[in-house]
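The values are calculated or read from the model by the stated rules, or taken from the named source; none is laboratory data. Since the model is a prediction, treat every value here as computed from it, not as a measurement. All Cβ positions, even for glycine, are placed from backbone atoms using ideal geometry, and neighbour counts span all protein chains on display. Side chains included, ligands, DNA and RNA excluded: accessible areas come from the protein's heavy atoms. Shrake-Rupley method; radii C 1.70, N 1.55, O 1.52, S 1.80 Å.
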Amino acid sequence: MIKLQDALKYLELNEKDKENMKKIAPIIQEHKDEIVDETVNMLFKEPEAVKIAQENNIPISAVKDIVRGDLEVMFPSEFGEGHERKIRQYVKAITLKVGLMPEISVLVMSLLLIKTVDKLSSLKLDNFADLSETIIKLISYFLVVRISLYNEQLIGYFLKFTGISEKLFMRQIKLQIKKEFDKNS
């Protein structure tokens, strides 16, 4: 699992971004329903998303609740160690509710990025470029944590199902990667 401080370092989240978050949070809150509706409408233009929702009996209202929750967790007015914990708890709860669907999660995050930046653009804000950069960093951070947690949960389920120890599993994975690398070199 990528730790908060590592992700923040890689994404170069700085004090200016932290100030921007305080400006972004109320804007997102004010326009949340519109962003959610547009994101979900775009999502359901993707046949695979429709298929997954139907197969899992996930109504559009539940998808909207998830996207709304994503926005609320992604755009806090304050950011720190507690935020990482909040994201992890949120993602675990969503995973238990709808299962592991990292591909859909990536698509939703991409659509949220587009719709959130579109909304900021339409407001003609003076510091649009700075705010957009912060939005990109926050969504990227959220996605990194979410996908890392999905992978962690998926491996955990696999290990529990098979009874293989994590140490043995990781050793086998490293051997397989080495074989593939040697074969392709």
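A few notes on this one:
- Checked against the criterion of being closer than 30 Å to THR39 by Cβ and without any contact (Cβ under 8 Å) to a residue 12 or more places away in the chain, the candidates SER110, SER148 yield just one match: SER110.
- Annotation note: Cβ proximity below 7 Å between a residue of region 27-41 that is closer than 12 Å to VAL67 by Cβ and a residue that is open to solvent by 80 Å² or more (accessible area, probe 1.4 Å) (sequence gap 6+ or interchain) occurs for VAL40/ILE60.
- Flag if VAL106 is within 27 Å of ILE155 (Cα to Cα), among the β-branched types (Val, Ile, Thr) and either touching a strand residue (DSSP E or B) at 6+ places or on another chain (Cβ under 7 Å) or surrounded by fewer than 17 Cβ atoms within 10 Å (Cβ to Cβ) (or both): yes
- Every test in (1) open to solvent by 60 Å² or more (accessible area, probe 1.4 Å); (2) in contact with a Leu (Cβ under 8 Å, 6 or more places away or on another chain); (3) not in a helix (DSSP H, G or I) is passed by LYS124 save one, and that test is (2).
- Residues of region 148-185 that are modelled with pLDDT of 90 or more and not in a helix (DSSP H, G or I): GLY163, ILE164, SER165.
- Candidates LYS23, LYS64, LYS86, filtered to the one that is assigned to a helix (DSSP H, G or I), at pLDDT below 85 and touching a helix residue (DSSP H, G or I) at 6+ places or on another chain (Cβ under 9 Å): LYS86
- Residue within region 126-141 that is without any contact (Cβ under 8 Å) to a residue 12 or more places away in the chain and out of contact with any helix residue (DSSP H, G or I) (no Cβ under 7 Å at 6 or more places or on another chain) present: yes
- Cβ-Cβ under 8 Å pairs, at least 6 apart or on other chains, region 161-174 side more than 16 Å from ASN151 (Cα to Cα), far side open to solvent by 70 Å² or more (accessible area, probe 1.4 Å): ILE164/PHE158
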